[in-house]
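Participant: Supplied in structure tokens, the structure appears directly below.
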């Protein structure tokens, strides 16, 4: 039996691509793979950037980390930088401008943070730097009252945590609540205090200011009393736990 096709019949074996066509196909496939890889990389960069900014927001709102803390500033700077790269690669110019502004603000805040930290350096760095390398905060276990009195005759000045201040206009007193004298003219109850441990040399500068700034950022008011050795900081009793948390999160050691 013959396998020769009948006269007039057409047998099709399909078109065979030329070498140039196969080369172009491989190039197109490679380009698509590169594009998909680039898109996945940009999505990863974008996701990390958003997560870092979210961490900065959550740490401030839920954990109580101060807005101007080092950790919060670095999270904002790195997160905004990653989103800036993503916006530039994606040619989203409005988003790119927004993120550039965010980066500049975060960078400026970090520079200010470092400058403020330098204010803790004493004038005589060689002799006093070691005294402020590790500032420790010690809570005082006493309920205090701030008051204005007629005189100090009823006050035992040898008792602990008694602070007096007399001017040409008034006589003020800070003492434990159970020691408030009967001749008190005005009083404010419900205060707690902590002190900066150690003896602070008079050449040191900027010890109290950062503490006041950290607490002010948390909306906590203070009443400060300085002695020959150190500083005592009073806050209202209801704000005292939040004050200690804010200082701890800012790097102060609480003992």
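Participant: Would it be correct to say that residue 232 is loosely packed, with under 14 Cβ neighbours inside 10 Å and within 23 Å of residue 146 (Cα to Cα)?
Facilitator: No.
Participant: Sort out which residues of the stretch 166-182 are surrounded by fewer than 14 Cβ atoms within 10 Å (Cβ to Cβ) and over 20 Å from residue 140 (Cα atoms), and write them in order of number.
Facilitator: 166, 167, 168, 169, 170, 182
Participant: Tally time: how many residues in the stretch 202-220 are surrounded by fewer than 15 Cβ atoms within 10 Å (Cβ to Cβ) and closer than 18 Å to residue 138 by Cα?
Facilitator: Residues in the stretch 202-220 being surrounded by fewer than 15 Cβ atoms within 10 Å (Cβ to Cβ) and closer than 18 Å to residue 138 by Cα: 2 in total.
Bear in mind these aren't lab numbers, they're just calculated from the coordinates by the rules spelled out. Being a predicted model, the structure only gives us computed values, none of them experimental. Note: ideal-geometry Cβ built from the backbone for every residue, glycine included; neighbour counts use all protein chains shown.
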